[in-house]
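Visitor: Below you will find the structure I want to go over with you.
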Amino acid sequence: MSRIALLAAAAVGLALSGAAPATAAHAPTTATVTCGPSALRVGLSTKVCAEVTGNSVQLIGRISLAGPPSPGSTLPVKDLTTTLTGNAVGGTSLGHLVQPVRFQASTTQVRGVGGTVPCGSTVHAEFTSSTLGHPSSPVTLDVPVTC
């Protein structure tokens with residue numbers, strides 16, 4: 001069989017199977033990260049973010065210093081209890097994670113809550129961090145999943 005006949009037969013086979021040729025591959029979906037406002041407590045800044053790729057959502061809690069340390073001061077070491085929660089509004093839970101974290105001056109991230117949600121839904125995320133003697137103050141985010 002000639003090369004042209006082989007290519008024609010392959011194209012017919014692809015057309016009959018419903019598969020697209022390799023040159024028509026879809027571009028990968030890019031991730032979009034959206035963060036809510038931060039809250040300040042005991043020298044720390046907390047915020048919650050959502051990383052959305054298509055209809056997949058991963059939530060991220062972030063803890064950082066509220067500002068630069070004063071000259072000559074020691075950097076804080078704090079043992080925190082964090083809670084990260086998320087759900088599709090009016091729908092299913094994306095999870096609930098309670099995790100101890102030792103904060104030592106550099107930005108710390110808490111991950112582990114997420115999943116797949118229907119296109120067009122809104123995801124509600126909440127993140128808290130507390131330390132002994134200082135109750136938690138939640139930060140929240142509502143992000144649309146547009147796909």
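Visitor: Just the residues that are open to solvent by 70 Å² or more (accessible area, probe 1.4 Å) and β-branched (V, I, T), please, taken from the stretch 93-147.
Guide: V98, T107, T116, T146
Visitor: Does T74 count as touching a strand residue (DSSP E or B) at 6+ places or on another chain (Cβ under 9 Å) and β-branched (V, I, T)?
Guide: Numbers: touching a strand residue (DSSP E or B) at 6+ places or on another chain (Cβ under 9 Å): no; β-branched (V, I, T): yes.
When the stated conditions are applied, T74 does not pass them.
Visitor: Could you check how many residues of the stretch 37-55 are in contact with a Cys (Cβ under 6 Å, 6 or more places away or on another chain), open to solvent by 50 Å² or more (accessible area, probe 1.4 Å) and part of a loop (DSSP other than H, G, I, E, B)?
Guide: The first filter runs over the stretch 37-55 and keeps only residues in contact with a Cys (Cβ under 6 Å, 6 or more places away or on another chain), leaving 47, 49, 54-55.
Then drop every residue that is not open to solvent by 50 Å² or more (accessible area, probe 1.4 Å), which leaves 47, 55.
Those still in the list that are part of a loop (DSSP other than H, G, I, E, B) too: 55.
Matching residues across the stretch 37-55 total 1.
Visitor: With the structure loaded, tell me whether V89 is modelled with pLDDT under 95, out of contact with any Lys or Arg (no Cβ under 6 Å at 6 or more places or on another chain), loosely packed, with under 15 Cβ neighbours inside 10 Å and on the phi < 0 side of the Ramachandran plot or whether it fails that test.
Guide: Details: modelled with pLDDT under 95: yes; out of contact with any Lys or Arg (no Cβ under 6 Å at 6 or more places or on another chain): yes; loosely packed, with under 15 Cβ neighbours inside 10 Å: yes; on the phi < 0 side of the Ramachandran plot: yes.
Yes, satisfied.
Visitor: Suppose the filter is at pLDDT 90 or above and within 30 Å of T74 (Cα to Cα); does T116 pass it?
Guide: Values: at pLDDT 90 or above: yes; within 30 Å of T74 (Cα to Cα): no.
So T116 does not fit the description; no.
Visitor: Mind telling me which of the residues A27, A10, A5, A19 ends up being open to solvent by less than 60 Å² (accessible area, probe 1.4 Å), in a loop (DSSP other than H, G, I, E, B) and at pLDDT below 95?
Guide: Details: A27 fails: open to solvent by less than 60 Å² (accessible area, probe 1.4 Å); A10 fails: in a loop (DSSP other than H, G, I, E, B); A5 fails: in a loop (DSSP other than H, G, I, E, B).
So the residue among A27, A10, A5, A19 that is open to solvent by less than 60 Å² (accessible area, probe 1.4 Å), in a loop (DSSP other than H, G, I, E, B) and at pLDDT below 95 is A19.
The values are calculated or read from the model by the stated rules, or taken from the named source; none is laboratory data. Predicted model, so just to flag it, every value in this text is computed and none were measured. Cβ sites come from the backbone with ideal geometry, for glycine too, and all protein chains shown count toward neighbours. What goes into the accessible areas is simple: the full protein's heavy atoms, side chains included, and nothing from ligands, DNA or RNA. Shrake-Rupley method; radii C 1.70, N 1.55, O 1.52, S 1.80 Å.
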